[in-house]
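Take a look at the structure below.
The values are calculated or read from the model by the stated rules, or taken from the named source; none is laboratory data. Note that this is a predicted model, so its numbers are computed, not measured. Cβ atoms come from the backbone with ideal geometry, glycine included; neighbour counts cover every protein chain shown. We work out accessible area using only protein heavy atoms, side chains counted, and drop any ligands, DNA or RNA first. Shrake-Rupley method; radii C 1.70, N 1.55, O 1.52, S 1.80 Å.
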Amino acid sequence: MAETGKGMEKTLVQSLRESGVSRRGFLKFCTATASMMALPPNMAPAIAQALEKARRPSVIWLSFQECTGCTESLTRSHSPTVENLIFEHISLDYHHTLQAAAGEGAEAAREAAMAENEGQYIVVVDGSIPLGNPGYSTIAGISNLQMLEETVAGAAAVVAVGTCAAFGGLPHAKPNPTGAVSVSEIVKDKPVVNVSGCPPIPTVITGVLAHFLTFGSLPELDALGRPMAFFGKSIHDRCYRRPFYDKGLYAETFDDEGARKGWCLYRLGCKGPMAYNACATAKWNRGTSWPVESGHGCLGCSEPDFWDAGGFYNALSIPDSDITRQAVYVAGAGIALGAVAGAVNRSKQARAREEHEPVTIDDLDKRS
Amino acid sequence: MSTPVDFLLWVRGPGFDIALAVFIIGILIRLLEMLMLGRKPDYAEPRGAELGAGLRTLLTRTLPEQGTFKRSPFTVVGGYIWHIGFFISLLFFVPHIELIDAVIGLSWPGIAGNLIDAVAAVTLVTLIAMLFSRLTHPVKRLLSGPEDYLSWLVTFLPILTGYLAYHRMIEPYPLVLGLHILSVEILMVVFPFTKLMHAFTFIMARWYNGAMAGRRGVQS
Amino acid sequence: MSEATLERGLNAFREQMNAPIASFFSSCVNCGMCAEACLFYTETGDPKYTPINKLEPFRRIWEQEYTLWGRVKSWLGLSRPVDDELLQAWEPLIYDGCTLCGRCSMVCPVGNDISYMIRCAREGFVAAGYAPDGMKNASRRAVTIGSPMGVKYPALAAQIKHVEADTGLSIPMDVEGVDYMALLSSMEIMNFPEYLGALARIFKQAGITWTLCSEAFEATNSGIQIGSSDIAKELVNRVVVAAERLKVKYVISPECGHAYTAIRWEGPNLIGRPYHFKVVHILELLEELRSSGRLKTEGFEEARLTFHDPCQIVRKGGVLEQPRNLLNMVAGDVVEMSDHREMNWCCGGGGGVSAIERAEALRLKVFTRKKSQLEELNVDTLVTACANCRLIIEEGLEEYRMEIPVVGLTEMIAEHLVGDEKNE
């Protein structure tokens, strides 16, 4: 891992070859990346060319209030794939979960990488940053906020990996006891890419890195700072169960006929319509499946506040609060207020009747 | 952080709570301030019973009187189309059924989204035509004031935003879904204070009309 | 001396408010369909005659004083008040432009009984001094002289003499303990005395004991038309006192529309208690005699006939089938108008409109509705059961040069009585 010097000499293709990936396999990866990022197919050779020449960039990985699920997702080891080789190719100079060094040694590695690659290195962050009390989360006695600000100062770009780093995620969920915030709420003067998801799709990370290596820039982003190529369309739009939604065919329980027939999971709480991610096309576990295909609705984990967006098994259209109980209280108040309004009206009516002066034929005219 | 999702969560959370409270309290105030005014006893010997005649009128007024239909077919047919379209969209779109189920625990089969979509499109067009008629027909123009146009708008917007949301015409989706829910909340808040109340009070009005006529032996 | 004031008018509006009216105002969606039911709109094309529009002053009182939101709005200065100017502007709409025919109440999709609301709203107009002079004068004559047309008892006595001479029957007067007390409308006394003769002949054949009352022979009630319950009560009370003094079992309402509404439906509520007698319309009584076999007729009218339904007797009175049964008894060729029974069109002179001199041109204008109804049928004779309808229709037919005689149904029946001396 943290072996800077020597690794920097090797190109990506070289290290891929050493790991037994053929040129054909590599080109296949480039084509897949191009298509995944919605680039024209003729961009694949350009990607290949750029990657062949690319030098290992230095990456500093900061983990704050997180569960390590993102790291798990990104580093899960199946038989070697181009994706995880890309990870091997980058110079991951600091990652306190993965690196061997600990304590001051580890921090020294981070500082060294920052100094050596001033203005060049990429900072990857997973986890949210607590603003409530710096003591909630520290590394080597340094608060998350301080470490982030320090590390980002000399970075080329920041990639917020996972929903916690991108939007505050689970720690930010109500009542947000630590005052957790996302990376982009702190980093205002550097480009920040949000790769949301709980966890995010590994391909998306490699896609973003490949883009950076190929073009030296960050990909086009959506309004929430996420790469358009992956987050530009909703789960719902890409879902193979979508035709059932349009026809009004829904599973109503997880074991009914509709569920067995693979009908739409909207009524079972699927948040696909409001979730933007590439799960339906990229899939998980080496393209094996994804949540909706496995029979469970989308949780909308790539969206801000997904933890607070109502029960996972409540349809998207259902409000969050306990409306039935609220309706009962409110109806009680309504009856009480209505009775008051009614009483006011009745007394007005009664007063008018009391004040009635009989109309006689002598007062049919106005005299003025 | 203010994102479309925050907006959606607000309209689905506090926004909905506020709207529901105003809606329910407003309606109950309106109904009670009306009902508690009461009626004076009628000492005239009745020729017929009030109850049956009142209930019959409650139903029969759903169909137009023939001559009136011939004289104002547009108002009658347009009125039918958009009311029926509105209620089909409201009551048979599955996401709406889920909401109703969550609030009152009643549920029924829905209709396919693409059918609802067609119904909503017809409803939108009809409502626009109704507005045009209101602006041009001398009687309707004379009768109409700001309240009538406000009522039209708050009825129109939920269908429009619902249509936009179904077709995901505004991105991201949480924004357009939020706008749809917000438009419904505006409808709920405006409802008790405008002629939209007729959705409840027509029952009383028709019953009183039928009962008062039925007492005299006439089916009104 | 007291006088009409805006404040008294506003108070009257407030007094009239009740649950039905509040629900009607709340339900109106301004769809404008009531206009299509109103002959003042259909015949003039002027949208101001839309029935619900005639209620704008009353509606404002409801909204501003009987709804929470309306109170907030007027507190914020967002509502327009009901003032003299408004009432003055609306007076020709609510009086000249409405015969209280009740057709609008039959078509409103939300069920608003608009004509009932107009009847109530007139209470406010009259208390504020905004009633047409013609109706004010009719009320003054009704209260002081006893009849809106100024008919006094001697005039009736003179007509009775003619009728008695004509029929050879005596007309009972102030007889106690008989079953029936008959009422007449001034128009019948002055314009259609045949009605009184017809009564005498029919009752003789049926063996009915009856009387007129010298102190209460007038059935019409100007108070109902001008919209003053106080005046209406005074007029109704004369009949009630007389009927209860003579201890009759029944009071017969004559061939007059609003008289029936006044004595049958509003009367008990005006005096605040049920009567000690029953009120029947003459057509109800005749139908009862017919069905029990006590009314026997012979021969049929040869003319092609149609029946004009008087609004207050049919649509608002519930006497729907009786006139048809009776007419079929004496006529072979009876055709119905395109809109009939409870959907009939008004003659244009009901609800006191016939008493408003300034409304004559408008009344003749809206008569075109009845005119076209009659033109569709090509009838020889028009039969009706309301002296006011009869007079208004005669005037209308004359204006439009249509030669159709108008006959009262009771008289027509009398013309066919079996064994009647006059018929032999």
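You can think of it this way: the chain between C:R245 and C:E7 has 81.8 nm of extra reach, that is 0.36 nm per residue less the Cα-Cα gap.
Put simply, chains B and C cover up around 4500 Å² of each other's accessible surface, both sides summed, when a 1.4 Å probe is used.
Where a ≥ b ≥ c are the square roots of the eigenvalues of the C-alpha gyration tensor, would you call the range C:65-131 rounded, which needs a/c under 1.5, or, failing that, prolate if a/b is larger than b/c, or oblate?
Oblate is the answer for the range C:65-131, as a/c is 1.5 or above yet b/c matches or exceeds a/b.
Compactness of the range C:1-133 was expressed as the Cα radius of gyration divided by 2.2 N^0.38 Å, which yields 1.02. With a 10 Å cut-off around each Cβ of B:99-106, the average count of Cβ atoms from other chains is 4.
Among C:284-291, C:271-278, how do they line up by average Cβ neighbours within 10 Å per residue, starting with the highest?
Numbers: C:284-291: 19.9, C:271-278: 14.6.
Packing order, densest peptide first, comes out as C:284-291, C:271-278.
For the range A:233-340, the share of alpha carbon pairs falling in successive 10 Å distance bins from zero is 14, 38, 25, 11, 8, 3, 0 percent.
A cysteine counts as unpartnered when no other cysteine's C-beta lies under 4.7 Å of its own; in chain A this applies to A:C30, A:C67, A:C70, A:C164, A:C239, A:C264, A:C270, A:C279, A:C298.
So what's the back-of-envelope 222 nm ellipticity for chain C, counting only DSSP H runs of four-plus at -39500 (n - 2.57) apiece and dividing by all residues, rounded to 500? So the helix-based figure for chain C works out to -13500 deg cm²/dmol.
Per-residue mean of other chain beta-carbon atoms within 10 angstrom of the beta-carbon, peptide A:316-328?
Values: counts 8, 13, 9, 14, 6, 6, 2, 7, 4, 0, 6, 7, 1.
Counting other chains' Cβ atoms within 10 Å and averaging over A:316-328 gives 6.
Looking at the square roots a ≥ b ≥ c of the eigenvalues of the Cα gyration tensor of the range B:4-215, which shape do they give, rounded for a/c under 1.5, prolate if a/b is larger than b/c, or oblate? Walk me through the numbers on the way to the answer.
Working: a/c = 1.97, a/b = 1.55, b/c = 1.27.
In terms of gyration-tensor shape, prolate.
Taking packing as the residue-averaged number of other Cβ atoms within 10 angstrom, the listed peptides C:326-338, C:209-221, C:109-121 run from highest to lowest as C:109-121, C:209-221, C:326-338.
Please give the FRET efficiency for B:V125 paired with A:K247, using the beta carbon to beta carbon distance and R0 = 25 Å, rounded to the nearest 0.05. Don't jump to the answer; show the numbers that get you there.
Working: r = 24 Å, r/R0 = 0.96.
For B:V125 and A:K247, the calculated efficiency is 0.55.
State whether the protein assembly as shown is rounded, prolate or oblate according to the following rule on the C-alpha gyration tensor (a ≥ b ≥ c being the square roots of its eigenvalues): a/c under 1.5 gives rounded; otherwise a/b larger than b/c gives prolate, and the remaining case gives oblate. Because a/c hits 1.5 or more and a/b exceeds b/c, the protein assembly as shown counts as prolate.
Relative to the longest principal axis of the Cα atoms of chain B, the long axis of helix B:50-60 makes an angle of roughly 50 degrees. In this structure, A:D320 and A:A343 have a Cβ-Cβ separation that, at R0 = 51 Å, corresponds to a calculated FRET efficiency of about 0.90.
Along the charge dipole of the protein assembly as shown, Cβ charges K/R +1 and D/E -1, which of A:L265, B:I170, C:S74 sits furthest on the positive end? Result: A:L265.
Simple rule: put +1 on each Lys or Arg Cβ and -1 on each Asp or Glu Cβ in the protein assembly as shown, find the dipole, and look at C:Y180, C:N30, C:A387; the Cα lying farthest toward the positive end is C:N30. Under the simplified labelling scheme, the C:E298-C:E403 pair shows an inter-label distance of 3.2 nm, with each label point 7 Å from Cα along Cα→Cβ. In plain terms, if you count all Cα to Cα distances in chain C and split them into 20 Å steps from zero, the share in each step is 26, 56, 16, 1 percent.
Give the angle, between 0 and 90 degrees and rounded to the nearest 10, that separates the Cα long axis of helix C:229-245 from the longest principal axis of the Cα atoms of chain C. It works out to around 30 degrees.
Could you work out the equivalent-ellipsoid semi-axes for the range A:4-231, taking the square root of 5 times each eigenvalue of the Cα gyration tensor, largest first, in whole Å?
Details: eigenvalues 168, 80, 46 Å².
Each semi-axis is √(5λ); the values are 29, 20, 15 Å.
Any idea what diffusion coefficient the range C:214-316 gets from Stokes-Einstein, in µm²/s, Kirkwood Rh on alpha carbon pairs, 4 °C, 1.567 mPa s? Before the final figure, lay out the partial values.
Numbers: Rh = 15.0 Å.
Rounded, D is 86 µm²/s.
Farthest towards the positive end of the charge dipole of chain C, among the residues C:P57, C:N11, C:I271, is the Cα of C:N11, using unit charges on the Cβ of Lys, Arg, Asp and Glu. Site pair B:L135 and B:I104 shows an inter-label distance of 3.6 nm when each label is modelled 7 Å from Cα along Cα→Cβ. Between helix B:198-215 and chain B there is an angle of about 10 degrees, using the helix long axis and the longest principal axis of the Cα atoms.
Counting only other chains, what is the mean number of Cβ atoms within 10 angstrom of the Cβ of each residue in peptide B:5-14?
Rounded to a whole number, the mean comes out at 5.
Close Lys pairs in chain A, defined as Cα atoms under 18 Å apart and 8 or more places apart or on different chains, number 8.
Pairwise Cα separations in the range C:102-174 fall into 10 Å bins from 0 onward with the following percentages, short to long: 16, 24, 23, 21, 15, 1.
Could you calculate the FRET efficiency of C:V335 with C:S291 from 1/(1 + (r/R0)^6), where r is the beta carbon distance between them and R0 is 22 Å, rounded to 0.05?
Details: r = 24 Å, r/R0 = 1.07.
My answer for the efficiency is 0.40.
If we sort A:234-245, A:156-167 on the protection proxy, mean other Cβ atoms within 10 Å, highest first, what's the order?
Peptide ranking by packing, descending: A:156-167, A:234-245.
Charges were assigned to the Cβ only: +1 to each Lys and Arg, -1 to each Asp and Glu. The resulting dipole of chain A about its Cα centre is roughly 1220 debye.
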